[in-house]
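Structure record follows, encoded as structure tokens.
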Amino acid sequence: MNLRKKHLVFLAIIPLVMIALMPQYVEDINAEKSKGTSIPKTGSINSPVCGDRLCSEITNTQLEDTTTTVSGYVYKQDFIPVEKIEIDLEKTAVFITDPQNDFLSEGGAAWALVGEGVVNDMVVEHQSAIKATAKEVGIPVFYSPHTYTDQEYANWKVLNPIDKIMFSIDMFHEGTWGHEFHPEMIPDENTHVLNPHKGLSNFQSGDAVLQLRQYGITTIVLAGMSANLCVESHLRDAIENGFEVIVISDATAGAGPYSKDAALTNFEFIANEITTTDDIINRLKQAAQN
């Protein structure tokens, strides 16, 4: 057999050998994955990963408790670093978006979209309780209302999907009952009503930054409507402007079946902390006693 034929035979054998060895190779790889390698703890979360899967998908018997519960809210994404913010009342304010009838009252323009969530999460009761606690412990409350004028209704032409919905149902129309504050959320002497926002965030089209800075606020306790729109937009812009933000998960709701979950997912990525009404009230009162 000449050299060329020997080379051809050799090349023909290689694939056969690889095919023969492949099952054992795959078995060895899978066995190695099952051993797993833990990723070091980030913040207060330990999220072990075994090969290409979460260890919890393989076994829970040898893992540490990875529950990511802080301050009453259970984080859905267990790889998110979780922090409990220390509250300094001298630098903290409550910030509530759109506490108006169109969102919070039965018969409001958006009630068909948000009413179920508002009722189920007791949003009005929670917002009202947080507002009352803020007054009790001596920290300011800021309202960021949403407003459209007759002129804007008549002349605005470039509308995104949520704008089109709001304009079609005459939402936040200045001078209407729906534009007014919910009866449980009427401003008092401790409430500072910001210039109304036209888009999704007062930090863009209102005076939120100026007012918060003037009052020496660095931490805001954020609640309001609606979860994945104005609340999330205010959260993003507050963070971008250097504020520390604690979002109250049960003092907000959204339109339709998916918005609240979408909002909570993003809150976990962006907010300095997410907590509940009961927890923040207790912590504000404790801070006042120190």
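The values are calculated or read from the model by the stated rules, or taken from the named source; none is laboratory data. Owing to the predicted nature of the structure, the values given are computational and were not obtained by experimental measurement. We place every Cβ from the backbone using ideal geometry, glycine too, and count neighbours over all the protein chains shown.
Structure values in brief
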| item | result |
| --- | --- |
| Residue in the range 231-247 that is within 13 Å of the chain's Cα centre (by Cα), part of a loop (DSSP other than H, G, I, E, B) and over 14 Å from PHE142 (Cβ atoms) present | no |
| The lone exception for LEU284 - which of (1) outside any loop (DSSP other than H, G, I, E, B); (2) more than 20 Å from PHE142 (Cβ to Cβ) it fails | (2) |
| Test for LYS260: is it touching a residue at least 60 places away in the same chain (Cβ under 8 Å), in a helix (DSSP H, G or I), in the same structural domain as GLU125 (by TED's automatic domain parsing) and over 19 Å from ALA227 (Cα atoms) | no |
| ASP278 vs. criteria of a type in the set (D, E, K, R), surrounded by fewer than 24 Cβ atoms within 10 Å (Cβ to Cβ) and in a loop (DSSP other than H, G, I, E, B) | no |
| The range 171-182, residues that are part of a loop (DSSP other than H, G, I, E, B) and in contact with a strand residue (DSSP E or B) (Cβ under 9 Å, 6 or more places away or on another chain) | MET171, PHE172, GLU174, GLU180, HIS182 |
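To keep it simple, each residue is scored yes or no on (1) in contact with a helix residue (DSSP H, G or I) (Cβ under 6 Å, 6 or more places away or on another chain); (2) surrounded by fewer than 23 Cβ atoms within 10 Å (Cβ to Cβ); (3) at pLDDT below 95.
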{"site": "GLU106", "(1), (2), (3)": "no, yes, no"}
{"site": "ALA110", "(1), (2), (3)": "yes, no, no"}
{"site": "VAL124", "(1), (2), (3)": "yes, yes, no"}
{"site": "GLU136", "(1), (2), (3)": "no, yes, no"}
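Residues checked against (1) of a type outside the set (A, V, I, L, M); (2) over 25 Å from the mean Cα position of the chain (by Cα); (3) closer than 25 Å to ALA129 by Cβ; (4) assigned by TED's automatic domain parsing to the domain that holds GLU240:
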site: GLU174; (1), (2), (3), (4): yes, yes, no, yes
site: GLN204; (1), (2), (3), (4): yes, no, no, yes
site: GLN214; (1), (2), (3), (4): yes, yes, no, yes
site: GLY224; (1), (2), (3), (4): yes, no, yes, yes
